[in-house]
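Structure, as structure tokens:
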Amino acid sequence: MKGSVTMPHNTCAYPWQQISINIDGAVYPCCFWNSYQNSGAPLGNVNDQTIREIWNGPGYRHLRRSLAAGETAGLPCRACMALQTSGGKYPEYLDPQELEEDCLSGRNAQMNRKEYEVSAEEMLSMPISLTYVGTVACNIRCTFCNQYRQHLEGIRQRRETVDEVRRLIPKLIVLAWQGGGRLFSIRHFRNFFAPCFGRRIPIFILPFPPMACWQMLRSWSG
């Protein structure tokens, strides 16, 4: 754990546990970074780098170092919607209950927690939470929708990113997966999550294609 320091009070946990990948490959540390009237720049792009390279790249390391030191000047964190709506408190560390430790997700989560507690700048663990926009295809063609325009323009990620995301899934505790069209059919959904089948992976899935949203909580076991 390179660059470890003591974690101060009221430090946002997201840069230590979460990664968000947009359809154009842009990577953000959370949903508040570049939305809700915030406009933070991406910390990397999976069309140019791997997830691991970005996870321990200059953007993420600078963010962790700054938050650990309590220095938010120049960061979108200062105008964070979560901070403003929670009485000045940043999001706390995700601490899943009844987590099975003897599996990839459990071991990754244990290491991730320890690295968060010492405010590690460079992580040995991988993210435990992923927001992934895998496709912007939709069966409803709303001309005002930004995602529909992206679909028409053919914006997508490189194939290697899809494979890398699938390898990361067994290490996750939370997955927010967005996608519509072909990738959201039952057959392709099962193929996408094939690495999880037959493993003990407690995982909270929030799949939401454009114009639709629902939640599903399940634990896959062989």
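Descriptive notes on the structure:
- Share, in percent, of DSSP beta bridges within segment 13-142 that are antiparallel, nearest 5: 50
- Cα→Cβ-extended label distance, 7 Å offset, between GLN110 and ARG167, nm: 2.3
- Estimated distance in nm for a label pair at ASP48 and TYR36, the labels positioned 7 Å out from Cα along Cα-to-Cβ: 2.7
- Counting Lys and Arg as +1 and Asp and Glu as -1 over every other residue whose Cβ lies under 9 Å from the Cβ of TYR93, the net charge comes to -2.
- Using heavy atoms of the protein chains and a probe of 1.4 Å, the accessible area assigned to THR11 is about 10 Å².
- Net charge over other residues, Cβ less than 10 angstrom from the Cβ of SER125 (K, R count +1; D, E count -1): +3
The values are calculated or read from the model by the stated rules, or taken from the named source; none is laboratory data. These numbers come from a predicted model, not from an experiment. FYI the Cβ positions are ideal-geometry reconstructions off the backbone, even for glycines, and counts take in every protein chain you see. When the accessible area is computed, the model is the full protein with side chains, heavy atoms only, and any ligands, DNA or RNA have been set aside. Shrake-Rupley method; radii C 1.70, N 1.55, O 1.52, S 1.80 Å.
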